[in-house]
Amino acid sequence: MNVDPPERRAGGAPDAATDGASRLSAALEAALLHELREQYRLLALAYFKGALRLPQIELVPSRSRLGRWVEATRTIELSRPLVLERPWGVVVEVLKHEMAHQYVTEVLGEREETAHGPRFRAVCDRLGIDGSAAGVPEAPPPEKSEAARKIGDRIARLLALAESPNVHEAEAAMAAAQKLLLKHNLELRDARVAQGYVWRHLGAPTGRTTEAERVLSLLLGKHFFVEAIWIPVYRAREGKRGSVLEICGRLENVEIAEYVHGYLLATAERLWREHKARLGIRGDRDRRTFLAGVMTGMTDKLAREAKKSEEAGLVWIADGDLSRYFRKRHPHVRHVRYAGQRRSEAYAHGREAGRKIVIHKGMREGSDAGAGARPLLPPRR
């Protein structure tokens, strides 16, 4: 798998074995290779039913090639800059791609076709693996239809109305946006429109997932037409494992869910600061409990709006195509129960604050929304 031509890459840096950004200590490098081998074993079991034998895994200094399966030496080569500079989810996608090459040659015995020939593409399609020969495998956005663009614009304008200082007008705008999103997805389902799905990772990898983050992930999956899952990642420069939230869905739903995720995290932190100032609290001992309460309160509010939609006859039935896409990406999903935060006064305050949250218009990525910032919701036309 190659990357785009140098003129299309950010920075256009040449291959360089001595690139300072691509160096690790001997101990961290050994730990990284061990983690890559463990990741291989997990993928081989989940996707290839144990049919593959572990090859050599080697880090190479190339920036022009993300990965390569070398049959003669039974080696999977991975770009060192890729592994150290890109999110772990991208590394896993490249590793799956090279494992598919290994499967085609060692298991199917196909050596006549070109590297990305029909049998390889068929394997990738069946297993939900990115089979493209070039480019970093980060969920390419499909082309939106004109109808989808119009819906996205209308939802963005409704969320913009939620900046109104009139609380009733603001809440009405948010409820209308939620109902419009529901109706749009119902219409697509009923019309059996061919749907393209994407995946995206939200936030930075973390070593510990808080209750507030878990409640937020459930909120997105229940109310914003995406599938959400916490997936394991590896932080190569720290030599530590962690997890990150992945969402899957139609592009416009993923973009809205991504915006809501960032907005609610920032709003919960702001509400905690205001709560501390109002009550004269000095420390952050109850911060996590308060944040969990905020997310639960917002969940309560969205559930009430969903109930109103059901009473109006707008009932969402799970998207079977999205479910199939999700199962391809995650063949073995494990459900885990967590103990929640203690239900203290801080939790009650947070829950009440969460019930009053109104989702405001989509802002741009980056605190100052400067040049190059990416809009998280479609712009108003």
Region 6-127, dipole about Cα centre (Lys/Arg Cβ +1, Asp/Glu Cβ -1), debye to the nearest 20 | 180
Between Ala51 and Lys276, what is the FRET efficiency for a Förster distance of 45 Å, r being their Cβ-Cβ separation, to the nearest 0.05?
-> 0.20
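Every number here is computed from the coordinates shown, using simple stated rules; none is lab data. Keep in mind that this is a model prediction, so the values were computed, not measured. Backbone-built Cβ (ideal geometry, glycine too); neighbour counts: all protein chains shown.
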